[in-house]
1. Taking the stated definitions as given, is residue 65 under 15 Å from residue 146 (Cα atoms) and not hydroxyl-bearing (Ser, Thr, Tyr)?
2. Identify, from the list 59, 78, the residue that is in a helix (DSSP H, G or I) and within 18 Å of residue 41 (Cα to Cα).
3. Looking at the range 108-142, which of its residues are among the β-branched types (Val, Ile, Thr), under 29 Å from residue 76 (Cβ atoms) and out of contact with any Leu (no Cβ under 8 Å at 6 or more places or on another chain)?
4. If I go through the range 113-127 residue by residue, how many of them are surrounded by 15 or more Cβ atoms within 10 Å (Cβ to Cβ) and either basic (Lys, Arg) or modelled with pLDDT under 95 (or both)?
5. Kindly indicate which of 98, 130 is at negative phi, basic (Lys, Arg) and touching a Phe, Trp or Tyr at 6+ places or on another chain (Cβ under 7 Å).
6. When residue 71 is evaluated against the numbered criteria (1) out of contact with any helix residue (DSSP H, G or I) (no Cβ under 7 Å at 6 or more places or on another chain); (2) assigned to a loop (DSSP other than H, G, I, E, B); (3) modelled with pLDDT of 95 or more; (4) more than 13 Å from residue 16 (Cβ to Cβ), which criterion, by number, is the only one it fails?
Amino acid sequence: MVKNPKVDSALHVIKGAVQKVTGATVTTAVGVEGNLGRLAVEFDRDLREDEKKRIEALANEKIKENVEIQILSMDRGAAEKKFGNLMYDKFPVPGHIRNLTVVHIPGWNVNCCIGEHTKTTGEIGSIRVRKTKFKDAKKELSISFEVP
């Protein structure tokens, strides 16, 4: 699979926007294929059209701010003390891993991640939310997006 730093970075930007609009914090899955990305989070319903538009608008505002995307290599204990459990997804990093790579966009998103990332949000260019899908049985909301 070809890595795409713009889409990997966009996952963090879109997750921050999703958290701000919905309050959903637990990621259940991510995917990157070419210039397309997918973020799935624990949630109890599909998004309304106004929420989709707000997520896209907030994500693109963060991109326009052109803020630094910090890639931190941290001792697990220090990372947990600083960021708590918000940096973990539904399936946490195995306990035997003691050094974590943490992607941090201050005031926006923090996540353990080993993908390749841009240096700033501005390098992403833009994000377009393509569609959402809610799976009631899993209580999971999937958001597909494109980085044109």
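1. On the way: under 15 Å from residue 146 (Cα atoms): no; not hydroxyl-bearing (Ser, Thr, Tyr): yes.
Taking the combined requirement at face value, the residue does not satisfy it.
2. 59
3. Quick first cut of the range 108-142, residues among the β-branched types (Val, Ile, Thr) only: 110, 114, 118, 120-121, 124, 127, 129, 132.
Of the ones still in play, those that are also under 29 Å from residue 76 (Cβ atoms) are 110, 114, 118, 120-121, 124.
Within the range 108-142, 114, 118, 120, 121, 124 qualify.
4. 2
5. Details: 98 fails: touching a Phe, Trp or Tyr at 6+ places or on another chain (Cβ under 7 Å).
Residue meeting the stated conditions: 130.
6. (2) is the only condition that residue 71 fails.
The values are calculated or read from the model by the stated rules, or taken from the named source; none is laboratory data. Here the structure is a predicted model, which is why all the values come from computation and not from measurement. Positions of Cβ are generated from backbone atoms using ideal geometry, with glycine treated the same way; all protein chains shown enter the neighbour counts.
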